[in-house]
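Structure record follows, encoded as structure tokens.
The values are calculated or read from the model by the stated rules, or taken from the named source; none is laboratory data. Keep in mind it's a predicted model, so treat the numbers as computed, not measured. Ideal geometry is used to build each Cβ from the backbone, glycine not excepted, and the neighbour counts take in all protein chains shown. Keep in mind that these areas ignore ligands, DNA and RNA; they rest on the heavy atoms of the full protein, side chains included. Shrake-Rupley method; radii C 1.70, N 1.55, O 1.52, S 1.80 Å.
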Amino acid sequence: MDNLFAVAAAILYSLAIATIVPGLLHQTGIRTKTVFISAAIALTFHAWLLSDLILNGSGQNLSILNVASLISFIISVVMSFAMLKTRLWFLLPVVYSFAAINLLAAAFLPSTFITHLEHDPKLLIHISLALFSYSTLTIGALYAIQLAWLDHKLKAKKALVMNPNLPR
């Protein structure tokens with residue numbers, strides 16, 4: 001059943017990417033509602049699968065793949081809600097593709113590292129802060145990539161027809 005959720009989430013992430021990319025390449029509008037709904041359902045499946053992968057009866061499975069999938073989930077949630085306020089269309093295909101790849105890897109590649117965080121609250125706080133700091137760092141790096149791309153386009157001084165989906 002977990003594999004079904006992983007494949008469904010990856011397909012929904014791909015649907016969101018497939019809805020965004022034509023609007024970036026051409027000057028057509030991006031259907032925000034379709035992207036947000038497919039991403040929201042994919043994030044729901046992603047969260048459900050992460051809860052099954054990480055939380056099990058014998059402790060918490062914090063393997064590298066599960067932690068990477070958890071970080072990509074946090075980044076996807078933040079960027080999906082930020083999509084409603086700012087123009088992040090340039091970054092969302094990158095974010096969603098990494099989320100889908102990490103989710104499929106965590107679901108289909110076997111790895112186990114069981115720990116008991118309920119016995120050590122300091123470790124739980126440390127891991128939580130580390131996850132959010134890695135997520136914030138990655139989001140900052142994505143914004144830096146977007147800024148470098150815009151800087152390159154401006155320095156090239158090409159007469160671009162402004163695509164309304166790209167940041168200004």
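What do you get for trypsin sites (Lys or Arg not before Pro) in segment 119-158 restricted to DSSP loop and a cutoff of at most 13 other Cβ within 10 Å of the site's Cβ? Counting only loop positions with at most 13 other Cβ atoms within 10 Å, the trypsin sites (Lys or Arg not before Pro) in segment 119-158 are LYS157, LYS158.
In this view, the solvent-accessible surface of PHE98, computed with a 1.4 Å probe and all protein chains in place, comes to about 120 Å². Note on THR112 and ALA144: with the Förster distance fixed at 30 Å, the Cβ-Cβ geometry gives a FRET efficiency of about 0.30. For LEU70, the accessible surface of its heavy atoms amounts to roughly 40 Å² (probe 1.4 Å, protein chains only, rounded to the nearest 10). For the set MET83, MET1, the ranking by accessible area, highest first and with no ligand, DNA or RNA atoms included, is MET1, MET83 under a 1.4 Å probe.
Would you mind giving the three semi-axes, in whole Å and largest first, of the ellipsoid equivalent to segment 1-140 according to its Cα gyration tensor?
Those come to 29, 17, 11 Å.
Annotation: extensible slack from THR86 through LEU124 equals 10.4 nm (criterion: 0.36 nm per residue apart, minus Cα-Cα distance). Which of the listed residues, VAL67, ALA106, LEU150, is farthest toward the dipole's positive end in the chain, when Lys, Arg count +1 and Asp, Glu count -1 at the beta-carbon? Sorting the options by dipole projection puts first LEU150.
In plain terms, the chain from SER97 to ASN3 could stretch by 32.1 nm, reckoned as 0.36 nm per residue minus the Cα-Cα distance. Counting only Cβ charges, +1 for Lys and Arg and -1 for Asp and Glu, the dipole size of segment 1-149 around its Cα centre is about 580 debye. Computed from the Cβ-Cβ distance with R0 of 41 Å, the FRET efficiency linking ASP52 to LEU25 stands at 0.65.
Summing charges over all other residues whose Cβ lies under 15 Å from the Cβ of LEU55, with Lys and Arg as +1 and Asp and Glu as -1, gives -3. Of the accessible area of segment 30-168, computed with a 1.4 Å probe over protein heavy atoms only, carbon and sulfur atoms account for 72 percent.
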